[in-house]
1. Does at least one position in segment 27-45 carry a residue that is under 25 Å from residue 177 (Cα atoms), touching a Lys or Arg at 6+ places or on another chain (Cβ under 8 Å) and within 16 Å of the ligand (Cβ to nearest atom)?
2. Does segment 491-510 hold any residues that are open to solvent by less than 10 Å² (accessible area, probe 1.4 Å) and over 19 Å from residue 378 (Cα atoms), and which are they?
3. Looking for something crowded, with 22+ Cβ neighbours inside 10 Å, farther than 22 Å from residue 151 by Cβ, not assigned by TED's automatic domain parsing to the domain that holds residue 709 and not charged (D, E, K, R) - is there at least one such residue anywhere in segment 561-575?
4. Look through segment 247-276, keep the residues that are crowded, with 16+ Cβ neighbours inside 10 Å and among the small types (Gly, Ala, Ser), and return whichever of them is farthest from the ligand (Cβ to nearest atom).
5. Here are some residues: 148, 188. Which one is within 16 Å of the ligand (Cβ to nearest atom), in a loop (DSSP other than H, G, I, E, B) and either farther than 30 Å from residue 482 by Cβ or open to solvent by less than 10 Å² (accessible area, probe 1.4 Å) (or both)?
6. Collect the residues in segment 68-80 that are away from the ligand (no atom under 16 Å from the Cβ) and either open to solvent by 10 Å² or more (accessible area, probe 1.4 Å) or in contact with a Pro (Cβ under 9 Å, 6 or more places away or on another chain) (or both), keeping them in residue-number order.
7. Quick one: would you say residue 538 is more than 16 Å from the ligand (Cβ to nearest atom), under 22 Å from residue 414 (Cα atoms) and open to solvent by 10 Å² or more (accessible area, probe 1.4 Å)?
8. Quick one: count up the residues across segment 524-577 that are in a loop (DSSP other than H, G, I, E, B), of a type in the set (Asp, Glu) and touching a Gly at 6+ places or on another chain (Cβ under 9 Å).
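The values are calculated or read from the model by the stated rules, or taken from the named source; none is laboratory data. Please read all numbers here as calculations on a predicted model, not as lab measurements. Note: ideal-geometry Cβ built from the backbone for every residue, glycine included; neighbour counts use all protein chains shown. Ligands, DNA and RNA are stripped out before the accessible areas are found, and what is left, the full protein with its side chains, is counted by its heavy atoms. Shrake-Rupley method; radii C 1.70, N 1.55, O 1.52, S 1.80 Å.
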Amino acid sequence: MKLTLPTLLGLLTASALAQPVDIESLLQQMTTEEKLGQLMQIGGDHQGFSDKDGMEMVRASQVGSTLGVRGAATVNRIQKVAVTETRLKIPILFAFDVIHGYRTIFPVPLGEAASFDLKGMEETAAAASREAYAHGVKWTFAPMVDIARDPRWGRVVEGAGEDPYYGSLVARARVKGFQRSGKVVACAKHWVAYGAAEAGRDYNTADMSERTLREVYFPPFKAAVDAKVGTFMSSFNEIGGVPASANRFTLTDVLRGEWKWDGVVVSDFTSVEELIKHGIAGTPAEACEAALNAGVDIEMVSRTYLKNGARLIKDGKLSQATLDESVRRVLRLKKRLGLFEDPYVPEGTQAANFLIPEHRQLARVSAARSCVLLKNDKNLLPYSKNVKSVAIIGPLGDSQQDMMGSWNGDGQKKDVTTLLAGVRARLPGARVTFVKGCPVHGVVTDFKTAVAAAKAADVVLLAVGEDADMSGEAASRTSIDLPGSQLALIQAIHATGKPYTVVLMNGRPLALGWVADKSPAILETWFAGTEAGNGIADVLFGDVNPSGKLPITFPRNLGQVPIYYNSKNTGRPWSGKKNEKYASRYLDVLNSPQYVFGYGLSYTRFAISAPRLSAATMDASSPLTVSVEVKNVGNRAGAEVVQLYIQDPVAGVTRPVRELRGIERVELAPGETRTVNFTLSRKDLLYWGPKGGWVADPGEVLVYVGNSSAATGKASFRYVP
Ligand code: GLC
């Protein structure tokens with residue numbers, strides 16, 4: 001480990017001083033200014049602070065944490081000032097958006113969610129955390145656990161899709177991964193209902209019933225709390241008139257009161273000061289008063305706390321107790337991370353050397369497992385590895401930057417294997433050509449070169465979709481069609497009569513329309529990260545049998561949005577019969593989506609038996625087991641994601657037609673059969689009752705088991721409280 005002299009001195013100083021810190025006595029020593037300093041988070045990068053007064057603020061004990069400042073030497077340099085040149089020597093906590101990788105970039109979270117490989121997601125989070133820690137980052141602003149049902153919203157790419165139950169499993173896995181070492185703390189964001197933005201327009205109003213808030217948007221956050229997540233981030237949006245960053249109900253009544261969570265809430269980027277724009281604060285002082293009193297502990301970047309906190313205390317608008325409680329949470333978090341004893345980070349460690357082989361391998365496996373096979377007519381896929389020529393056509397065929405998706409940490413595009421590079425590596429003896437054909441955006445009408453390339457090749461791969469900055473923050477779209485002239489490009493290749501595979505690279509569900517109807521094969525690959533090309537080539541040429549499933553519904557067109565599997569029956573459910581006019585339906589499009597939640601094909605086939613129940617009734621204290629036999633009836637090994645859904649057909653309030661309550665990813669050799677058991681208990685039946693409170697009604701419960709939310713394997717039991 002390379003130890004510079006300043007670091008050695010700092011380490012000696014810190015270790016000499018490192019008595020187990022007594023939070024209460026430290027708190028008592030702190031002035032109001034020092035307390036407010038602990039609640040201030042300022043921004044920066046590899047070189048240090050963005051604010052020119054950053055170091056001066058550190059010396060004045062006005063910086064409790066940072067965002068974006070990273071790099072072991074930079075972090076140690078700043079930390080040394082904090083722990084040796086300030087009065088109370090309180091270490092700074094350095095945070096960064098390590099969302100799906102630090103330097104080794106894994107598939108975007110929506111892509112990883114498609115793998116339904118919870119263990120894999122925990123491992124990639126742990127790997128990201130190791131690399132982040134090696135660069136001085138001890139707080140990551142991840143996982144983003146917002147439920148999203150509107151593909152217009154660009155941030156759908158950052159989450160685990162539309163389902164509260166699955167989103168909860170993913171939240172748990174990622175929190176456990178990020179926090180595994182105990183030296184890095186995760187952050188459940190964005191609290192709350194940020195994904196319910198009206199019209200899918202980022203930062204827009206969210207307004208819903210308390211029941212929807214509790215049953216759809218809260219669960220992944222509660223799962224993060226149960227997984228011991230150390231921090232939350234309050235969101236930009238309002239919820240029914242009360243901005244989330246000044247919402248006492250969500251920030252205190254629920255988080256602290258109901259859930260008894262003692263972690264730290266950080267605001268989103270200037271979301272405290274934005275309370276003025278929301279119109280619930282007239283001045284920065286009022287914004288500070290609203291946010292701190294509601295339960296936002298740390299203010300990110302805007303400085304209303306630092307500049308107004310002392311005056312609010314004097315004027316009795318902010319109590320000393322409230323201020324102390326926020327500071328106590330921050331100090332406690334720093335103590336739990338061992339920051340007082342060990343404020344520095346070792347320089348030059350192995351993980352700091354980036355892209356260690358096991359991280360690259362993890363990224364390759366995750367990229368392959370994130371792929372969802374949407375269509376495979378005549379078993380066009382997988383291709384033989386003996387093909388002599390491959391034409392890769394489309395704007396995303398050789399784009400290193402786009403493969404990393406949005407929020408790509410310190411990912412370097414030079415590290416990325418594109419589809420072109422991955423196929424060339426996989427087929428060293430083949431002639432692999434690349435023709436861009438058209439840009440992602442903009443109109444092109446001449447596809448002659450692309451058509452010629454397709455005609456000259458055995459295998460034709462169309463790499464199309466979105467560029468990485470068309471999803472993520474501040475990236476909402478009013479169309480979810482393939483942008484630009486990409487559809488025309490596909491149609492020009494289609495007209496050659498040559499079979500081809502559409503390789504989708506995108507950060508949201510797309511309305512595939514003609515492509516879904518006409519193209520012979522479609523592989524959804526999202527933005528698959530540093531190892532994108534290798535992982536996708538592994539699937540295309542049969543080394544990996546695709547097992548991904550859609551974690552979010554793909555609509556037929558935008559007019560259906562919002563559309564999600566766990567919807568209500570309504571009083572006039574449509575039978576699907578054309579002549580049934582007075583039903584909840586459209587004149588021009590079916591109610592069903594293009595592809596349902598949980599859908600994904602394989603190169604083999606699996607037979608799933610009808611579900612068997614361990615009993616005909618379930619009571620409040622005795623769980624019930626649901627069993628199915630899964631058989632690989634094809635001639636190739638593969639993995640199936642078996643899914644269990646329930647329906648409560650008669651309850652105190654309307655219930656969704658399906659609710660996911662179990663997933664199991666099983667790998668089977670050809671001909672192999674496995675029994676999969678799911679356990680259902682009272683907690684799986686709970687809903688937010690008509691008078692509030694979690695209830696489960698007596699009566700029949702329907703059970704569906706299969707390989708998507710359209711599962712047909714059915715059984716039922718009676719719940720007898
Ligand atoms: C951004 C995002 C949030 C991120 C934060 C810090 O605006 O909303 O997800 O963690 O600011 O970069």
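1. Scanning segment 27-45, I find at least one residue that is under 25 Å from residue 177 (Cα atoms), touching a Lys or Arg at 6+ places or on another chain (Cβ under 8 Å) and within 16 Å of the ligand (Cβ to nearest atom), so the answer is yes.
2. 504, 505, 506, 507, 508, 509, 510
3. no
4. 263
5. Working: 188 fails: in a loop (DSSP other than H, G, I, E, B).
From the options 148, 188, the qualifying one is 148.
6. Taking segment 68-80 as the starting set, the residues that turn out to be away from the ligand (no atom under 16 Å from the Cβ) are 71-80.
Within segment 68-80, 71, 72, 73, 74, 76, 77, 79, 80 qualify.
7. yes
8. 1
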